[in-house]
Amino acid sequence: MNPTIIANILGIWMLLFSGSLLPPSIISLLYHDGETLHFSLLVLFSLLTGLGIWLLSTKRKIQLHTRDGFIIVVVLWLVTSLLGMLPFIFGPGLSMADALFESVSAFTTTGATVMSGLDELPPSILFFRQEMQWLGGIGVVVSAIALLPMLGIGGMQMFKAETPGPMKDEKLTPRIAHTAQALWKLYLVMTVACALLYWIGGMSPFDAVAHSLSTVSTGGFSTHDASLGYFDSLFIEVVATLFMLIGGISFGVHFLVWKRLSIRPYWQNVEVRVFLLFVLAVILVTGTVLDLEGGRDGILESLRYASFTVVSVVTSTGFGIDDFSVWPTMLPLLLILISFVGGCAGSTAGGMKVIRFVIMGKGAGLEIQRLMHPSMIKPLQLQNKVIDVRVADAVRSFFSVYVATFVLFMLFLMEQGLDQVTAFSAVATCMNNLGPGLGEVATSFQSVSDSAKWILSFAMLLGRLEIFTLLVVLSPSFWRR
């Protein structure tokens with residue numbers, strides 16, 4: 001471990017974070033919402049602290065090792081979450097537990113909230129929430145690598161630790177800086193396109209930009225308590241559904257589509273195919289049940305609500321046009337369960353990722369064949385490529401650790417007095433980075449105890465960093481020489 005290079009990167013990241021506080025500062029000035037001084041002081045604090053750390057650390061080129069990469073990822077996420085909580089303390093006056101929960105929820109693009117009365121909040125605070133989700137969507141670490149090629153260090157270690165999905169050794173371009181820059185450009189283009197369409201659909205410029213930030217990032221924060229239901233617009237719902245789906249598909253595939261100027265890579269990729277077919281199947285089931293049991297005005301209205309809600313949940317966005325927690329029969333539980341699947345690896349979506357379920361499904365099918373033909377020798381394959389045994393083992397290990405961690409968190413929340421449904425959905429929505437839950441946390445986590453909010457904040461970080469990154473750093477053996 002090299003503390004010098006870790007401090008160097010942390011210092012530069014804090015300098016960049018101070019820049020992210022400038023837009024809400026300008027908005028505060030334009031709207032005269034009383035938050036200008038708070039944001040200005042935070043800009044100054046982050047700028048001076050980052051500059052001091054950077055100046056005290058060396059600038060010479062140092063090789064970054066895997067252990068350093070894990071530490072940098074965890075440190076940057078923790079520091080950013082702590083810095084992000086300050087505007088919520090100084091502005092709306094949230095408690096430390098509430099402010100940290102809101103900040104972690106934003107950066108992890110979870111979308112769970114402890115805040116209400118959004119329509120009356122200062123515009124600068126609302127924009128800051130949206131901006132945090134946008135930064136978290138592309139990944140704080142990947143973004144930093146794209147902007148910091150002057151460090152002269154290899155960033156693949158950080159990229160592997162932060163990027164979701166089991167196949168983290170794959171690169172889009174030979175150098176990680178070029179990879180991150182390509183992702184950044186794609187992300188920016190998608191955000192601008194989404195904002196323009198929202199504006200055309202009738203949103204104000206402020207709402208259009210704000211919601212585009214949380215749509216492409218599949219974050220789900222809104223500037224209104226009623227979320228996108230506030231606008232009651234089919235056009236806006238279609239735009240949101242399209243960009244939520246885009247956010248749920250691997251940016252690696254988006255890169256190929258952009259590079260080849262062809263949409264064929266979407267269907268050629270097995271994970272994307274399974275993802276789209278899975279979403280379509282759940283929409284049809286949900287729409288049918290809503291039509292039969294939900295009292296909707298015909299199948300078309302049922303499919304409208306089903307399409308938007310299913311896409312919002314499976315991509316872990318969390319936007320709402322209706323409260324699905326009161327939908328009939330098994331639909332609320334079904335929607336929570338599909339959040340475990342999530343989007344594609346390399347996307348901004350949460351969940352366990354489609355590719356893991358594909359690998360587990362293929363592995364289960366292979367085991368069934370081996371039971372019938374004990375002497376059969378057949379490797380596990382995906383798209384005509386043999387899957388490394390270590391990847392298959394990692395997928396099974398991830399699933400086991402995920403379930404064990406989920407159960408522990410759920411038991412803790414039940415000990416805090418939450419009922420089984422609320423505890424189950426609270427852990428599910430935080431670990432899957434979804435947002436809305438069931439029961440007591442269907443719309444807000446405000447009533448949850450402070451100790452529960454601390455543990456759920458940890459659950460959101462675990463989910464965003466896919467468990468192992470954080471658990472590795474917490475392991476005693478990691479710190480042994």
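Need one word for the range 1-120: rounded, prolate or oblate. Basis is the Cα gyration tensor (sqrt eigenvalues a ≥ b ≥ c); a/c below 1.5 gives rounded, then a/b vs b/c decides.
oblate
For the pair Ser116 and Arg67 in one chain, pulling the backbone fully straight at 0.36 nm per residue adds 13.6 nm over the alpha carbon distance.
Straightening the chain between Glu301 and Arg264 buys 10.2 nm, computed as 0.36 nm per residue apart minus the Cα-Cα spacing. Taking other C-beta atoms within 10 angstrom as a stand-in for reagent exposure, Met190, Met203 fall in the order Met190, Met203, fewest first. Ignoring aspartates and glutamates fewer than eight residues from Lys385 along the same chain, the ones with Cα atoms less than 20 angstrom from its Cα are Asp169, Glu170, Glu271, Glu367, Asp393. For the range 249-344, a crude dipole built from +1 on the beta carbon of Lys and Arg and -1 on the beta carbon of Asp and Glu, taken about the Cα centre, is about 660 debye to the nearest 20.
Does the range 261-336 classify as rounded, prolate or oblate by the C-alpha gyration tensor (a ≥ b ≥ c root eigenvalues; a/c under 1.5 gives rounded; else a/b over b/c gives prolate, otherwise oblate)? Prolate, because a/c is 1.5 or more and a/b exceeds b/c.
Dividing the helix sum by the residues of the chain, where each DSSP H run of 4 or more adds -39500 (n - 2.57), gives a mean residue ellipticity at 222 nm of -21500 deg cm²/dmol. Site pair Tyr31 and Asp323 shows an inter-label distance of 2.6 nm when each label is modelled 7 Å from Cα along Cα→Cβ.
Net length available on complete extension from Trp199 to Val257 is 18.3 nm, with 0.36 nm assigned per residue and the Cα-Cα distance removed. Report note on the peptides 293-299, 193-199, 48-54: ranked by the mean count of other C-beta atoms within 10 Å, highest first, their order is 193-199, 48-54, 293-299. When a/c reaches 1.5 or more, the comparison of a/b and b/c decides; with that in mind, is the chain rounded, prolate or oblate per its Cα gyration tensor? It is rounded, given that a/c, with a ≥ b ≥ c, falls under 1.5.
Compare the peptides 92-104, 445-457 by average per-residue count of other Cβ atoms within 10 angstrom and give them in order, highest first. Can you show the working numbers first?
On the way: 92-104: 21.1, 445-457: 18.8.
Ranked by mean Cβ neighbours within 10 Å, highest first: 92-104, 445-457.
A straight Cα-to-Cα reach below 12 Å connects Lys259 with none of the aspartates and glutamates, residues fewer than 8 places away in its own chain not being considered.
Positive-end ranking of Gly437, Leu411, Ile321 along the dipole of the chain, with charges on Cβ about the Cα centre, is headed by Leu411. Each of Gly248, Leu284, Thr309 was placed along the dipole of the range 244-313 (beta-carbon charges, centred on the mean Cα), and the one lying farthest toward the positive end is Gly248.
Candidates Asn8, Ser28, Leu51 compared by Cα position along the dipole of the range 1-125: farthest toward the positive end lies Asn8, with charges placed on Cβ. Descending by average beta-carbon neighbour count within 10 Å, the peptides 234-241, 304-311 line up as 304-311, 234-241, the highest first. Remark: the chain carries a charge dipole of roughly 2740 debye about the Cα centre, counting +1 on each Lys and Arg Cβ and -1 on each Asp and Glu Cβ.
Shown here for the range 360-436: trypsin sites (Lys or Arg not before Pro) in loop regions (DSSP other than H, G, I, E, B) with at most 11 other Cβ atoms within 10 Å, of which there are none. At a Förster distance of 25 Å, what's the computed FRET efficiency of Ile377 paired with Arg273, Cβ-Cβ distance as r, to 0.05? Plugging the Cβ-Cβ distance into 1/(1 + (r/R0)^6) gives 0.35. Relative contact order for the chain: 16 percent, from Cα pairs under 8 Å spaced at least 6 residues apart, divided by residue count. Extents of the range 169-267, taken as max minus min of Cα coordinates on every principal axis and listed largest first, are 44, 26, 20 Å.
Rule-based calculations on the coordinates, nothing more; no lab input. This structure is a prediction, so every number in the text was calculated from the model and none was measured. As a convention, Cβ positions derive from the backbone with ideal geometry for all residues, glycine included, and neighbour counts pool all protein chains shown.
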